[in-house]
Structure formats: C-alpha cells, structure tokens
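Student: Below: one structure in structure tokens.
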Amino acid sequence: MMRSCRFSDTSHVFTLMFICFITLFSSSVLVQGKIRRFKWEVKYELKSPDCFEKLVITINGQLPGPTIKAQQGDTIIVELKNSFMTENVAVHWHGIRQVGKPWFDGVEGVTQCPILPGEIFTYQFVVDRPGTYMYHSHYGMQRESGLIGMIRVSPPSTEPEPFTYDYDRSLLLTDWYHKGMSEKATGLASIPFKWVGEPQSLMIQGRGRFNCTNNMMTPQRSEAEVCNASHADCSRFVLMVIPGKTYRLRIGSLTSLSALSFQIEGHNLTVVEADGHYVEPFTVRNLFIYSGETYSVLLKADQNPSRNYWITTSIVSRPEKTPPATAVLNYHPNHPRKHPPTPASSNFRPEWNDTRHRLAQSVAIKARKGFAHAPPENSDKVIVLLNTQNKVNGYMRWSVNNVSYQHPTTPYLIALKHNLTNAFDWRFTPPERYDSKSYDIFAVPSNANATMSDGIYRLKFNSTVDVVLQNANTMSVNNSETHPWHLHGHDFWVLGYGEGKFNEMEDPKRYNLVDPIMKNTVAVQPYGWTALRFRADNPGVWAFHCHIESHFFMGMKIVFASGIDRVANLPSSIMGCGQTKRLATGGGVSRQNPNPPPDIPKP
C-alpha cells in the first residue's frame with residue numbers, strides 16, 4: 001500500500017518534493033520501503049568491557065547498541081526511553097541526512113531539546129540510500145560512555161551492488177576511558193585546565209583488554225572488584241570465517257579522541273565503500289580510519305585455514321600510549337578461543353606519526369566508475385576555517401577563525417523557525433576567512449585569545465559552498481593535531497588535500513572535479529588543509545564540527561542554516577527547553593521579529 005505525503009498548505013511544496021521524490025546524489029529513485037520499529041531503553045549499567053568495571057551506557061542492556069538493519073527506502077521508528085536517573089540524552093543518526101525532517105537529526109541545542117530522564121521520545125526517519133552509517137549520543141560528552149551503534153542499509157534487490165560477497169559483518173571501533181564523562185568535562189572547563197589524557201583502552205565491537213596488573217585501585221574497592229581479566233564482558237571479540245568465502249566488513253569508528261589503523265594479520269583489505277558511497281576499489285594492509293568515518297572492505301578468507309589470525313587496531317596521529325586492541329579472526333572449524341600462533345605484536349602496524357602514509361590513503365579514495373557524481377564546476381561561496389587552540393577568559397578552548405562555539409539553550413532550528421530573535425546572537429555572523437597572509441600556522445599563536453559566540457552561518461538555499469579546513473600549531477611548540485570534521489544533513493565532495501598553508505589562488509587549480517569521493521566526515525592532517533564542496537539543498541540547521549569529543553566540547557564547531565522557510569511545521573516533541581517551553585505547552589508562537597533575516601543577511 002502506498003503512503004502519501006500531505007501538508008496543510010502549498011507553502012511546503014519543496015519539502016514534499018524532498019520527502020517523496022528524493023533522488024539526491026543517487027542514480028535510483030527512492031523505493032517504497034517497510035516500516036521498521038524499535039523500542040530502546042537507555043540507561044547506565046556497571047560493566048567491564050575492557051575488564052575494568054565502570055558505569056557504561058547501554059541500549060536494552062547492550063554495548064554497543066543493537067545494529068539497525070534496513071533496506072533503502074525503509075522508515076525507521078525508534079521509541080527511545082531515557083532511563084537515566086539524572087541525565088538528559090539525544091541521539092544523532094550519523095550519515096542519515098534527515099531530508100524533510102531536520103528535527104530528527106538528534107543534536108541537542110541545534111535540532112531538538114534533550115530527552116529528559118523518564119521521558120520517551122520517538123525518532124522517525126527514512127534511510128534513503130544504501131550504505132554504512134552509525135548512531136551515537138549527541139549530548140555533552142556522553143558518546144564515549146557507550147551510547148553507540150551501527151546502521152546497515154542494503155540496496156533494493158533489483159539494484160545489486162557493484163561488488164560481491166558471501167557474508168556481511170559489522171565492526172565498531174572505539175577508545176575507552178575509565179573516568180566518567182562528568183569528571184572529564186569538568187576538567188576541560190576548569191581553571192587550571194585539566195586534559196582528559198590518553199584513553200586506557202581501545203575496543204573492537206565493545207571489547208578490550210586492559211592490563212589489570214597495572215591497575216590503580218580505589219581505597220574502597222579491591223582489585224578483583226574493579227578489574228578482572230577473566231570477566232566475560234572483556235573476552236576477545238571473535239569474527240568467524242569460512243575458508244574460501246568473501247566477507248564484507250563494515251568498519252566504523254566512534255572514538256572520542258583517537259585516529260586508528262585497522263589490520264588483519266596476513267590478509268589484504270579491499271576498500272569498496274566510504275560513508276555510504278562506492279569507492280573505486282583499492283587494496284590496503286592497514287586501513288586508516290578517523291572518528292565519524294565508516295568504510296566497507298572486502299576480506300577474502302584465503303589464508304592457511306588450520307590456524308586463527310589476529311585482528312588489531314592501534315592509535316595513529318598521537319603518541320601510542322594506549323595498547324592496541326586485539327580480536328581473533330577464527331577460521332572454521334578451528335576453536336574460536338584458539339590463539340593465533342604468532343604474538344599479536346607481530347601484526348604490522350604503521351608508525352603513529354607517519355602522516356604521509358595516512359594522507360596517501362585519503363588521496364587514493366575516488367568515486368567508483370559509474371557511480372561518480374561530478375560536483376558543480378564552481379562555488380557560490382568560499383569559507384576558509386582556521387582550526388586553532390586558544391584561551392577565552394583564561395579557559396582553554398578550541399576555535400574556528402578565532403571564534404569558539406558557545407552552546408545555546410534554545411535549539412537553533414526552533415529559534416529560527418519561530419523567530420525567537422534573542423535566543424542566540426542573530427546579528428553576528430562568524431568570520432568566513434582568517435588573515436592568512438600574516439598568520440604563521442607553524443608557530444604558537446602570538447595572541448592566543450579568542451572570543452565566544454553562538455552566531456551561525458546563513459547560507460542561500462541551494463547554493464554551492466566550498467569549505468577549506470586549515471590546520472595550525474596548537475598552544476604547544478611543534479604540535480598540530482589531526483581533526484576529523486563531520487557535516488550533518490549533507491554529503492560533500494572531497495576536492496583535495498594539501499600540506500602547509502592553503503593557497504587560495506593556486507591550490508583550487510588542482511581540485512579533483514572529475515571523480516571526487518563524497519563523504520560526511522573527513523580529516524585534516526597536522527599543518528595541512530582539506531577542501532570540500534557541498535550544496536546547501538537540505539532545509540534546516542546543521543552542525544559542522546570536529547568529531548573528537550573533547551575538541552567539540554571545547555568549542556570546535558560551527559552551524560549552517562539554509563532554507564528555513566521550507567522547513568515544515570515543527571513537532572512539539574522537540575521543544576520544552578530554553579525559550580521553547582511555552583511552545584511545547586501550547587503557549588503559542590513568538591513573533592518577536594515579524595521580519596526575520598533572509599537566508600543571507602544584507603551587508
């Protein structure tokens with residue numbers, strides 16, 4: 001039975017078109033799908049995922065949460081119950097563009113008010129294209145406590161994928177801290193500043209192996225109570241394979257700090273998909289993956305079947321102070337607990353500071369022939385974003401073009417749609433450039449002070465926007481960090497990468513405008529730049545931020561808004577915080593500004 005889209009008036013015809021006939025960046029028309037319903041309860045539980053017991057966030061008792069499996073065109077309905085005693089929550093569906101329903105993007109303060117303890121909130125969205133995606137908490141630094149999971153979307157049976165495999169498997173990679181979210185966040189927001197430090201463990205599919213013999217006990221608890229290497233929660237993850245078969249491994253990273261290298265002893269990995277887009281296949285021994293990215297690789301079980309092999313993931317781009325995570329590739333019918341005959345350390349890992357090797361992989365990723373969507377030849381706007389570490393009133397912050405993001409109490413989407421002009425600074429537009437001629441990206445800033453603002457970028461609807469991410473030195477000598485940037489509500493073309501300072505006259509001449517890959521998350525390397533292009537064709541308000549939890553928390557974020565007049569009436573379920581309290585209780589719509597600013601403010 002066909003479902004129809006109905007609106008109370010014709011003013012939302014563009015939204016109707018987006019919902020019902022979306023063909024954006026896809027060669028196929030959205031098919032009519034099934035409705036898939038999920039009931040989730042989110043709560044804290046004591047678990048030992050790396051053998052060290054701590055409070056973790058579970059979904060229906062699981063860590064990671066359940067994998068959502070669907071087909072292109074399906075409608076996903078998640079009824080989420082917040083069973084936290086004292087914390088709010090919001091869930092972001094990472095890589096799902098939420099076309100026509102931007103309020104379900106799940107970003108507290110941007111697209112919705114948080115879900116309060118004891119409340120039930122229903123997310124509903126369409127998975128409009130095949131690929132590998134994820135979900136995670138988007139409230140505070142909650143993600144790193146375990147509210148994470150994978151989304152697998154298959155194409156219609158009438159449209160086979162351009163590669164073949166026998167089995168489909170998911171692997172979610174994370175890093176893991178023993179301190180709680182609140183303690184780490186308090187340290188980041190204090191004077192003196194207290195850094196979160198390096199993670200204690202890495203985990204593969206929610207399982208790690210912390211060395212309990214080096215564990216520091218609390219006076220109130222014994223060693224056996226806090227850290228137990230024989231605990232079932234931290235038994236190594238086992239991936240069973242049948243000799244001769246080919247496996248699609250959907251690998252996602254939701255680390256809070258770490259960039260990773262993933263490898264399987266003795267096996268090649270053929271990359272075929274990145275962030276939901278088909279890749280011209282290429283083979284690697286080490287897959288570099290940054291927080292917020294997903295890849296599909298093909299693994300052929302073609303090695304000696306009489307033994308098992310190590311699966312490892314290790315830290316790159318930061319000094320390797322955290323041990324690698326290990327799992328087992330189990331060749332059937334070997335026993336799954338049969339250790340490989342080689343030490344796990346023998347599985348080759350690249351040097352943590354081998355930036356050129358990582359950059360080479362990024363440059364090698366091209367759109368697959370027959371599936372490439374060429375970007376517009378030119379852009380309407382160019383925004384160059386300098387990522388720096390700064391201080392604001394003595395507090396350590398991250399900033400973009402010398403502005404550190406300040407989180408609003410009223411979500412932008414509601415404020416803009418209902419003209420709540422004093423909900424944030426409507427008058428301030430963040431800078432679109434920095435002083436590139438005089439700024440030395442290789443030196444500690446001579447003036448490290450920055451400002452804070454909740455102002456946003458307003459983009460003309462359907463315009464083409466170039467964003468250049470420029471990396472620089474931090475407040476420590478000879479130090480520049482890797483930043484994975486994630487754009488909500490859109491995919492972008494990755495036009496190019498470079499080392500050193502971006503040259504706005506020369507570097508665009510080398511952009512790839514033929515077969516650039518499209519992604520939703522991309523890394524900018526130390527002392528380097530990354531250029532991307534996207535169409536502002538999805539009405540709503542969308543976050544663009546570093547996917548490292550502490551950097552995001554410390555202000556490394558901007559917000560884009562476009563086509564607000566094309567957004568349908570907002571549901572009352574997303575309201576209830578800040579100035580939206582009266583809207584959620586039927587208090588009416590505020591008309592404080594009868595003539596709201598257009599998409600692009602007049603100069």
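Student: For K69, list the lysines whose Cα falls under 19 Å from its own Cα; do not include residues on the same chain fewer than 8 positions away.
Tutor: Those lysines meeting the cut-off are K34, K39.
Student: Going by amide H atoms built from the backbone, whose H comes under 5 Å of the H on D166, apart from near neighbours?
Tutor: Close amide H contacts, sequence-distant or interchain: T246, Y247, R248.
Student: With only Lys, Arg, Asp and Glu charged, each at its Cβ (+1 for the first two, -1 for the last two), find how big the charge dipole of the chain is about the Cα centre; round to the nearest 20 debye.
Tutor: 680 debye
Student: For S404, which sequence-distant residues (separation of 5 or more, or a different chain) have an amide H within less than 5 Å of its own amide H, given hydrogens modelled in the peptide plane?
Tutor: Sorted by chain and number, the residues that satisfy this are T451, M452, S453.
Student: Sort out for me the Cα centre separation of the range 155-187 from the range 458-506, rounded to whole Å.
Tutor: 24 Å
Student: Per the 1.4 Å probe, what fraction of the accessible area of the chain, in percent, lies on carbon and sulfur atoms?
Tutor: 52 percent
Student: Also, I was wondering about something else. For the range 292-306, take each phi angle, set θ = phi - 60°, evaluate the Karplus expression 6.51 cos²θ - 1.76 cosθ + 1.60, and give the result in whole Hz per residue in order, putting x for glycine and proline.
Tutor: Along the range 292-306, the couplings run x, 8, 10, 9, 10, 10, 9, 10, 9, 7, 10, 9, 3, x, 7 Hz.
Student: Obtain the nm distance between the two label points defined at F38 and S572 by a simple spin-label model: each point lies 7 Å from its Cα along the Cα-to-C-beta direction.
Tutor: Label-label distance for F38 and S572, simple model: 2.8 nm.
Student: Turning to a different aspect of this structure: Using 7 Å Cα-to-Cβ label points, what is the K321/V477 separation (nm, one decimal)?
Tutor: Once both label points are built, they end up 2.0 nm from each other.
Student: Lysines near K391 by alpha-carbon distance under 19 Å, same-chain residues fewer than 8 away left out - which ones?
Tutor: K184, K194, K557
Student: A follow-up question, please. Quick one: dipole size for the range 102-183, taken about the Cα centre, charges +1 on Lys/Arg Cβ and -1 on Asp/Glu Cβ, in debye to the nearest 20. Walk me through the numbers on the way to the answer.
Tutor: Working: 5 positive and 11 negative charges, 21 e Å.
The calculation lands at about 100 debye.
Student: Can you give the FRET efficiency for E351 and I242, using 1/(1 + (r/R0)^6), R0 = 56 Å, r = Cβ-Cβ distance, to the nearest 0.05?
Tutor: That gives a FRET efficiency of 0.95.
Student: May I pose another question? By the gyration tensor of its Cα atoms, with a ≥ b ≥ c the square roots of the eigenvalues, what is the shape of the range 351-442: rounded for a/c under 1.5, prolate for a/b over b/c, or oblate?
Tutor: Numbers: a/c = 2.12, a/b = 1.34, b/c = 1.58.
Verdict is oblate for the range 351-442.
Student: To the nearest 20 Debye, how big is the dipole of the range 430-558 about its Cα centre, given +1 on the beta carbon of each Lys and Arg and -1 on that of each Asp and Glu?
Tutor: Charge dipole of the range 430-558: 240 debye, to the nearest 20.
Student: Looking at (i) 0.94; (ii) 1.15; (iii) 1.07, which value of Cα Rg over 2.2 N^0.38 Å comes from a calculation on the structure shown?
Tutor: Step by step, Cα Rg over 2.2 N^0.38 Å for this structure corresponds to label (i).
Student: Rounded to the nearest 500 deg cm²/dmol, what is the calculated helix-only ellipticity per residue at 222 nm for the chain, with -39500 (n - 2.57) per DSSP H run of length n ≥ 4? Display every interim value, and only then the final one.
Tutor: Details: 7 runs with 46 residues, N = 603.
Roughly -2000 deg cm²/dmol at 222 nm, from the helical runs in the chain.
Student: Give the accessible surface of the chain per residue, rounded to a whole number of Å², with probe radius 1.4 Å and ligands, DNA and RNA excluded.
Tutor: 40 Å²
The values are calculated or read from the model by the stated rules, or taken from the named source; none is laboratory data. Keep in mind the model is a prediction, meaning the values are calculated, not measured. Here the Cβ is made from the backbone with ideal geometry for all residues, glycine too, and neighbour counts use every protein chain on show. These accessible areas exclude ligands, DNA and RNA; they are computed on the full protein's heavy atoms, side chains included. Shrake-Rupley method; radii C 1.70, N 1.55, O 1.52, S 1.80 Å.
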